[in-house]
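A quick write-up on the structure given underneath.
The values are calculated or read from the model by the stated rules, or taken from the named source; none is laboratory data. This is a predicted model, so every value here is computed, not measured. Positions of Cβ are generated from backbone atoms using ideal geometry, with glycine treated the same way; all protein chains shown enter the neighbour counts. Just the protein is used for accessible areas: all its heavy atoms, side chains included, with ligands, DNA and RNA removed. Shrake-Rupley method; radii C 1.70, N 1.55, O 1.52, S 1.80 Å.
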Amino acid sequence: MRDALGDVQSVLVLGGRSEIALATVHLLAGQRLQRAVLAVRNPKAASEEADRIRAAGVSVDVVKFDAADTESHAAFVAAMFTDRDIDLVLVAFGIVGDQAQADHDAQHALEIVHTNFQGAVSVLIPIADAMSRQGHGTIAVLSSVAAVRPRRANFVYSSSKAGLDAFTNGLADMYAGTGVHVMAVRPGFVATRMTTGMKPAPFATTTDVVARAIVDGIRARSTVVYAPAILRFVMPALQIVPRFVWRKMRA
Amino acid sequence: MSTPLVRHETLQGWGRTSPSESTVYEPDSEFQVPAILEAWESDGGAQRRGSIARGLGRSYGDAAQNAGGAVVSSAALSRILELDRAAATVRVEPGVSIEALLKFLVPRGFFPTVIPGTGIVSVGGGIGADIHGKFRHGSFCDFVDSATLVTPALGPMRISAETNADVFWATAGGMGLTGVVTEATLRLHRIATSQMRVDTTRCRDIDDCMTAMMDDSRGERYSVAWIDCLANGANLGRSILETAVHATVGDLPAERARDPLAYGAGLSVSAPPWMPNGLLNSWTVKAFNELWFRKSPKRPHRTTVSIPTFFHPLDMVKGWPSIYGRHGFVQYQFVVPYGHEHVVRIILERLSAAKCASFLAVLKRFETSNAGLLSFPMPGWTLALDVPAMHPGLNKILDAFDDLVLEADGRVYLAKDARVAPQRFAAMYPHLERWREVRARLDPNCALQSDLSRRLGL
């Protein structure tokens with residue numbers, strides 16, 4: 001059960017190897033967290049991550065979850081919510097893909113959109129239903145600032161996050177004023193495994209900063225959080241940059 | 001048998017911090033209660049969510065809500081059944097408020113022995129939290145003669161300190177987790193007037209205040225100190241001490257003495273429905289506390305005021321928690337035994353240092369404890385303070401307070417709590433295991449649950 005100050009006792013992470021998600025779990029482990037479930041495509045690959053969380057005194061389960069296998073989602077969610085409450089679901093899976101390939105390869109572009117957007121929609125609907133039956137809980141969805149103004153350099157990824165962001169906001173509106181809290185998290189450039197080899201964008205940040213923003217957002221029951229916080233003001237400004245300037249910025 | 005009203009509702013406590021959704025039933029007969037408990041105990045869903053009783057929603061945290069489960073509201077069980085003048089007892093349904101009880105009893109020359117700091121508390125809630133007030137010689141359940149408790153496994157039971165005593169004392173302060181109270185008989189205090197004779201004294205610091213509170217020479221029945229917890233340094237704990245007795249007819253001016261038990265409802269205003277969060281900050285609170293302190297005269301003085309004016313000053317502002325904005329607030333209330341006064345002082349110091357924008361903190365003391373297995377009162381000092389929920393790092397600050405309280409063998413009050421860690425709670429309540437044994441007998445399948453019980457693993 002989440003307490004009055006937003007500290008949660010249980011978390012389910014979809015995309016359990018996400019570095020942002022793991023940083024968040026570690027932050028929560030220093031508070032009231034008792035149980036974490038890491039849902040990952042390949043459970044064997046997550047044993048190290050699980051052990052590190054266990055070392056913080058949290059009981060950890062690693063379960064198999066494939067975001068792209070939408071057929072399996074309903075049964076997966078039903079199993080997750082069977083015996084105990086889940087205070088927080090962190091939707092953290094996603095792929096960046098290869099934009100250069102996606103520029104011409106529809107199959108690859110669809111793969112990105114399928115995992116990041118369709119996969120998320122497919123699992124978020126039963127999660128929100130289960131949480132509504134449970135009567136309480138937070139769903140935090142990792143979106144991106146790319147959802148706010150898509151960039152040429154990764155526009156397929158951006159468009160998948162834009163779709164996910166819009167969906168998450170709609171879900172938040174649907175559950176406003178209830179015990180279910182839905183939040184979109186829009187990090188800027190974060191140095192992780194996923195962005196290795198990429199040129200850091202301005203306002204680049206770290207997983208710890210994003211984790212802190214997520215934890216603060218849960219407490220404040222925010223609908224949208226940015227990390228770093230300054231992007232809350234930067235992104236609306238970038239949104240109104242005229243197209244011809246935006247193209248020149250080579251963002 | 002008719003069926004009770006049902007609705008789906010998002011509920012939260014008085015601190016407005018932890019909303020959750022429940023199915024709310026409003027039975028208008030005690031006979032409808034067992035069916036509700038049964039329906040949610042054996043609910044076909046994979047998760048049995050259970051039921052919990054709710055009165056007037058004045059628990060600050062998550063005690064009277066049940067996410068995804070049933071909430072049994074006592075709103076339609078609010079009749080005063082019988083006044084026994086000779087025995088000085090009154091039999092009531094659980095939804096009767098202290099306010100309604102006062103309106104009925106005071107003109108008849110009776111007073112509920114223990115009343116809390118607000119009139120908007122139900123008798124059922126009073127039992128569930130074993131509430132206390134400015135009276136320091138006992139808490140609410142010390143004056144509950146008997147009650148009827150609908151339990152999941154054993155059905156309706158008559159309980160009192162003599163009959164089914166173990167169940168009675170598991171229910172006193174048991175936060176509704178032993179059953180649903182459907183009727184109770186309260187022992188009353190006889191009064192001659194509807195007025196209070198109040199002595200007000202300014203205390204320059206916390207030591208001064210505690211010394212004055214320990215001084216019984218005035219023979220007061222009720223006492224409370226309002227502490228300005230933003231004052232620091234030499235002013236730390238500067239406070240206003242109010243002590244009172246029920247006024248005698250001789251205390252009243254002639255025009256009141258003609259009808260000494262006349263009891264009018266107090267004036268009330270509403271707090272604005274919406275307030276910016278920023279309005280409540282250390283500056284505004286400091287100004288308010290300064291004003292509160294200055295409004296009382298420098299020299300000790302004596303006045304005669306109405307019962308609500310003395311007991312329920314905050315009830316004059318309906319919905320006052322809205323000043324804390326949409327993020328709400330937590331009330332931290334603890335008790336430490338006599339001899340551990342330093343804990344009160346350290347906590348005031350740390351709050352002041354952390355610039356926690358707390359409105360007046362309230363200091364009271366208890367002379368006794370009772371056999372309630374989860375009852376809060378114990379001989380010692382109890383301090384209650386409100387803190388905005390968004391204060392940075394608040395849980396760490398309060399966890400550190402919990403450790404101080406625990407070290408002194410004190411405890412925090414469940415009716416106010418919304419955040420204590422389960423392990424610390426268990427260490428604070430030494431009779432928890434015995435309580436669990438009684439509960440397991442009454443409710444082996446956990447048909448009674450609340451957000452609080454889930455949070456604390458009760």
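Over the heavy atoms of B:Cys446, what accessible area does a 1.4 Å probe trace out, to the nearest 10 Å²?
Rounded to the nearest 10, that gives 50 Å².
Using the charge dipole of region B:80-191 (Lys, Arg: +1 at Cβ; Asp, Glu: -1 at Cβ; taken about the Cα centre), state which of B:Gly119, B:Gly173, B:Ala161 has its Cα farthest towards the positive end.
B:Gly119
Can you compute the FRET efficiency between B:Arg345 and A:Val63 using 1/(1 + (r/R0)^6), with r the Cβ-Cβ distance and R0 = 51 Å? Round to the nearest 0.05.
0.50
Could you size up the charge dipole of region A:41-105 around its Cα centre, putting +1 on the beta carbon of Lys and Arg and -1 on that of Asp and Glu, and report it in debye to the nearest 20?
It comes to approximately 300 debye.
Let me have the relative contact order for region A:1-141, percent, based on Cα pairs under 8 Å that are six or more residues apart.
27
Who wins for biggest fluctuation among A:Gly119, A:Gly94, A:Gly197 in a Gaussian network model of chain A, springs between alpha carbons below 10 Å?
Top of the fluctuation ranking is A:Gly197.
Answer with one residue from A:Ile240, B:Trp292, B:Thr309: the one whose Cα lies farthest towards the positive end of the charge dipole of the protein assembly as shown, charges on Cβ with Lys, Arg +1 and Asp, Glu -1.
Result: A:Ile240.
When all C-alpha to C-alpha distances in region A:1-117 are sorted into bins of 5 Å, what percent of pairs does each bin hold, rounded to whole numbers?
Once binned at 5 Å, the Cα pair distances of region A:1-117 give 2, 11, 20, 21, 17, 12, 8, 5, 3, 1, 0.
For chain A, what is the calculated [θ] at 222 nm in deg cm²/dmol (nearest 500), taking -39500 (n - 2.57) for each run of four or more DSSP H residues and dividing by its residue count?
The helix-only estimate for chain A comes to -12500 deg cm²/dmol at 222 nm.
Over the C-alpha atoms of region B:381-458, what are the Rg and the largest Cα-to-Cα span, Dmax, in Å?
Computed over the Cα atoms of region B:381-458, radius of gyration and Dmax are 14.1, 43 Å.
Give me the accessible area of A:Met1, 1.4 Å probe, in Å² rounded to the nearest 10.
20
I need to check one value: relative contact order of chain A, counting alpha carbon pairs closer than 8 Å and at least 6 residues apart, in percent.
18
Tell me which aspartates and glutamates have Cα within less than 16 Å of A:Lys44's Cα, excluding those fewer than 8 residues away on the same chain?
Cross-link targets: A:Asp61, A:Asp66.
Where only protein heavy atoms count, and the probe is 1.4 Å, what is the accessible area per residue for region B:195-421 in Å²?
Value returned for region B:195-421: 41 Å² of accessible area per residue.
Rounded if a/c is under 1.5, else prolate if a/b beats b/c, else oblate: with a ≥ b ≥ c from the C-alpha gyration tensor eigenvalues square-rooted, which is chain B?
The shape class here is oblate.
What per residue convex hull volume, in Å³, comes out for region B:13-115 when only alpha-carbon positions are used?
108
Based only on Cα atoms, what mean projected area does the convex hull of region B:195-421 have, in nm²?
Approximately 13.7 nm², given one-decimal rounding.
To the nearest whole number, what is the average tally of beta carbon atoms from other chains within 10 Å of the beta carbons of peptide A:127-136?
What the average comes to for A:127-136 is 5.
Identify the residues of region A:211-240 with backbone N under 12 Å of a label point that sits 7 angstrom from the Cα of A:Ala201 along the Cα-to-Cβ direction, or state none.
A:227-228, A:231-232, A:234-236, A:238-239
Between B:Glu290 and B:Ala353, 0.36 nm times their residue separation minus their Cα-Cα distance comes to what?
Stretched out fully, the B:Glu290 to B:Ala353 stretch lengthens by 20.9 nm.
Under the rule a/c < 1.5 gives rounded, and otherwise a/b versus b/c splits prolate from oblate, where does region B:167-271 land using the Cα gyration tensor?
Here region B:167-271 falls in the oblate category.
With the cut-off at 25 Å, report for region B:80-191 the share of all Cα pairs above it, as a whole percent.
14
Largest first, how would A:Lys44, B:Lys286 line up by accessible area (1.4 Å probe)?
Correct descending sequence by accessible area is A:Lys44, B:Lys286.
Taking the Cα centre of region B:44-152 as origin and charging only Cβ (+1 Lys, Arg; -1 Asp, Glu), how large is the dipole, in debye to the nearest 20?
It comes to approximately 180 debye.
How much solvent-accessible surface does A:Phe244 expose, in Å² to the nearest 10, with a 1.4 Å probe and all protein chains in place?
Roll a 1.4 Å probe over it and A:Phe244 shows about 140 Å².
With the cut-off at 1.5 for a/c, could you classify region B:319-458 from its C-alpha gyration tensor as rounded, prolate or oblate?
It comes out oblate by the Cα gyration axes.
Could you order A:Arg32, B:Arg302, A:Arg151 by accessible surface area, starting with the largest, using a probe radius of 1.4 Å?
My answer, sorted largest first, is B:Arg302, A:Arg151, A:Arg32.
Compute, for chain A, the length of the dipole vector about the Cα centre, with Cβ point charges of +1 (Lys, Arg) and -1 (Asp, Glu) only. Units Debye, rounded to 20.
Once rounded to the nearest 20, the dipole reads 940 debye.
So for chain B, averaging the separation of alpha carbon pairs under 8 Å that are six or more residues apart and normalising by length, what relative contact order in percent results?
The normalised contact order for chain B reaches 19 percent.
Once you have the Kirkwood Rh of chain A from its Cα pairs, apply Stokes-Einstein at 4 °C and 1.567 mPa s and quote D in µm²/s.
Here the translational diffusion coefficient equals 71 µm²/s.
Projected onto the charge dipole of chain A (+1 at Lys/Arg Cβ, -1 at Asp/Glu Cβ, origin at the Cα centre), which of A:Thr223, A:Gly15, A:Gln118 gives the Cα projection farthest towards the positive end?
Of the candidates, A:Thr223 comes out farthest on the positive side.
Could you list, by residue number, the cysteines of chain B that have no other cysteine's beta carbon within less than 4.7 Å of their beta carbon?
B:Cys141, B:Cys229, B:Cys356, B:Cys446
If you take every residue apart from B:Gly237 with its C-beta less than 11 Å away from the C-beta of B:Gly237, what net charge results, scoring Lys and Arg +1 and Asp and Glu -1?
-3
What lysines sit close enough to B:Lys416 to cross-link, taking a C-alpha to C-alpha distance under 20 Å and skipping anything fewer than 8 places away on the same chain?
B:Lys134, B:Lys318, B:Lys364, B:Lys396
Kirkwood hydrodynamic radius (Cα pairs, Å) of the protein assembly as shown?
By the Kirkwood definition, the hydrodynamic radius is 27.4 Å.
Which of the lysines could be linked to A:Lys161 by a straight reach, that is with a Cα gap under 16 Å, when you skip same-chain ones fewer than 8 residues away?
none
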